[in-house]
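Encoded as structure tokens, the structure appears first; notes follow it.
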Amino acid sequence: MILIVDFGSQTTHLIGRRLTDMGIPIYITIPEDVTKSVSYYKPKGIILSGGPSSVYEEGAPTLPKSFFSCGVPMLGICYGWQLMAHLLGGEVKPSRKEYGPAHLEIEVTAPLFLGIDSYSTVWVSHGDSVVRVPKGFDILAKTERVTFGAVVNHDKKMYGVQFHPEADHTVYGTQILYNFVTHVCGLKTKKTSIDINKIIKDIKTKVGDGNVICAVSGGVDSTVAAALIAKAIGKKFHPVYVESGLMRKGTAEEVKEIFKKHIGVIPIIAHAQALFITKLRGVTDSEIKRKIIGELYIQVFEEQLKNLKGITHLAQGTIYSDVIESKGTKHASKIKSHHNVGGLPEKMKLQLLEPLRHFYKDQVRSIGTSIGLPPDVVGKQVFPGPGQAIRIMGEVTEKRLGQQQQADSIVVEEIKKAGLYEKVYMSFSIMTNTFSTAVKGDGRYFMEVVALRIIESRDIMTTAWARVPYDVLQNISSRIVNEVPDISRVVFDITTKPPATMEWE
């Protein structure tokens, strides 16, 4: 098996996912437990993850220097490589920060790079770099700004890379991890698949004789979770769609249709538009917005409990990216509180049931297809649980909510008309709370700017902006400034993740 040491990277779990997809057993440990974990699991290889810290920070996660004498092949990724270099006598310094794509040039062939082109795109996210390698390490590859893009100590089978091979946008990333576990560690891979019967069995076991109320939104995650739970417990399952007024227009009708036709359950529709817009009045901080929305969802569900008997569990379509962005591991940084993770109150009357919590978006789509949900359901573009509230920078008012919903509809309509809906991961508008001058009908106006976010991704952990044809962008822009009241101009966000998150809030 492979031991993964978690230094708090947003993609530590993704390293494990890549390896388990190859049929390689893994265990994720924290630095404080690493000696015990090595002794107990006796791994054939060790991967040191990235992380948000600097090796020189007070309290930064570290390892005992003796750890590197355990005789096990190692791969240090980003912070993991920097820590390896620092503890073994190299030198790490702050460098020009890099986030997103970089170009890797392989200078020396080694087992880690077998079958990989000499030039390829990798995904980076770092503020420090190794400027002097420890004794015994040789350069394998470099990027435009990092001399030691990849290194090796052949005698000790230690590798370090200043990029993220686990990231989907690192072109040969999976091959690099495959080379490490097979050619360096000597393990054999095998084909694997998600055991859906086990997921359903686990749901039955957790629920027991209880009943489940489930938050559904019409999105992929909650729909797939609901379908699994319905298969597991049948009539003891009660889906609830909260009409918060923050979702896309027509979502409630769409949810009714999906559940009636494909899951065989009629969802409860809880109308709470006035409650949500009232509680959000005057709120501008995105974290507070998310927490208010999370608490309101629970409040509405608890109201529904008065009409239902024997409810013991609250089910959600939480997936792993929600968890990790809400500070899901000990050394991780908190990116934002997802309303279904960090937005939940500390004390709840119900137990949480989250059957998809350890899966990524592409896996959730695969599960949905396997249990018979149609392509138009599992292929639906992502929409956030807090809805348009986090796509409206600043205060959510009735007017700005109406503007956002109208602009958002135009984006989706034009993307579908251009045949791009299934080819991009997300496409939406943002009310930026930034204002600029416009001339309409020979009059001068000072009105709000709308941004477009159209991105490509597979597992949410990394994204790239979609290369949308200019005429499609022009159609979207023209329609928004002409059809949506009080909009001055439209701008296109071309920022990758990292450094940007997919949503603006």
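Going from the residue with the fewest nearby Cβ atoms within 10 Å to the one with the most, HIS183, HIS271, HIS169 rank HIS271, HIS183, HIS169. Around the Cα centre of the chain, unit charges on the Cβ atoms of Lys, Arg, Asp and Glu (plus for the first two, minus for the last two) sum to a dipole of about 1120 debye.
Sorted ascending by nearby beta carbons within 10 Å, beginning with the fewest, PHE68, PHE492, PHE7 become PHE492, PHE68, PHE7. Over 32 Å apart at the Cα level, from the set LYS198/LYS235; LYS65/LYS198; LYS97/LYS190, are LYS65/LYS198; LYS97/LYS190. Take the cross-link list LYS42/LYS231; LYS42/LYS191; LYS36/LYS142; LYS93/LYS289; LYS206/LYS256 and give me the ones stretching past 29 Å between alpha-carbons. From the list (LYS42/LYS231; LYS42/LYS191; LYS36/LYS142; LYS93/LYS289; LYS206/LYS256), the Cα-Cα distance tops 29 Å for LYS42/LYS231; LYS36/LYS142; LYS93/LYS289.
Over 21 Å, how big is the tail of the calculated P(r) for the range 397-492, in percent of all Cα pairs? Counting pairs separated by more than 21 Å, the tail of P(r) holds 34 percent. Each residue of the range 291-304 was assigned a 3J(HN,Hα) from its phi angle through the Karplus curve 6.51 cos²θ - 1.76 cosθ + 1.60 (θ = phi - 60°); the sequence is 5, 4, 5, x, 5, 5, 4, 4, 4, 5, 5, 5, 5, 5 Hz, with glycine and proline shown as x. The spacing between the range 467-505 and the range 354-428, judged by their C-alpha centroids, is 16 Å. Stretched out straight at 0.36 nm per residue, the stretch from ILE139 to PHE446 would grow longer than its current Cα-Cα span by 105.0 nm.
In the chain, taking the dipole from charged Cβ atoms about the Cα centre, the farthest positive-side position among VAL265, TYR445, ILE176 is held by VAL265. Looking at the range 196-378 alone, DSSP beta bridges between its own residues are antiparallel in about 5 percent of cases. What GluC sites (Glu not before Pro) in the range 375-428 are in a loop by DSSP, with at most 16 other Cβ atoms within 10 Å of the Cβ? Answer by residue number: GLU395, GLU422. Cross-link reach is defined here as a Cα-Cα straight distance under 17 Å, omitting same-chain residues fewer than 8 places apart; for LYS204 the aspartates and glutamates meeting it are ASP195, GLU354. Sequentially through the range 445-455, phi angles give Karplus couplings (6.51, -1.76, 1.60; θ = phi - 60°) of 9, 10, 9, 6, 9, 9, 9, 10, 10, 10, 9 Hz, Gly and Pro residues having no value and appearing as x. Annotation for the range 191-238: trypsin sites (Lys or Arg not before Pro) lying in DSSP loop with at most 15 further Cβ atoms inside 10 Å of their Cβ are LYS191.
Per-peptide packing, taken as the mean over residues of other Cβ atoms within 10 Å, places 217-227, 241-251, 474-484, 107-117 in the sequence 217-227, 241-251, 474-484, 107-117 from highest down.
Could you pull out the trypsin sites (Lys or Arg not before Pro) across the range 351-453 that fall in loop regions by DSSP (anything but H, G, I, E, B) with no more than 15 other Cβ atoms inside 10 Å? Filter output for the range 351-453: LYS423.
Summarising the strand pairing of the chain, around 50 percent of its internal DSSP beta bridges are antiparallel.
Laboratory data are not the source of any read-out in this text; all were calculated from the coordinates shown. What you are looking at is a predicted structure, and each value in this text was computed from that prediction instead of being measured. Backbone-built Cβ (ideal geometry, glycine too); neighbour counts: all protein chains shown.
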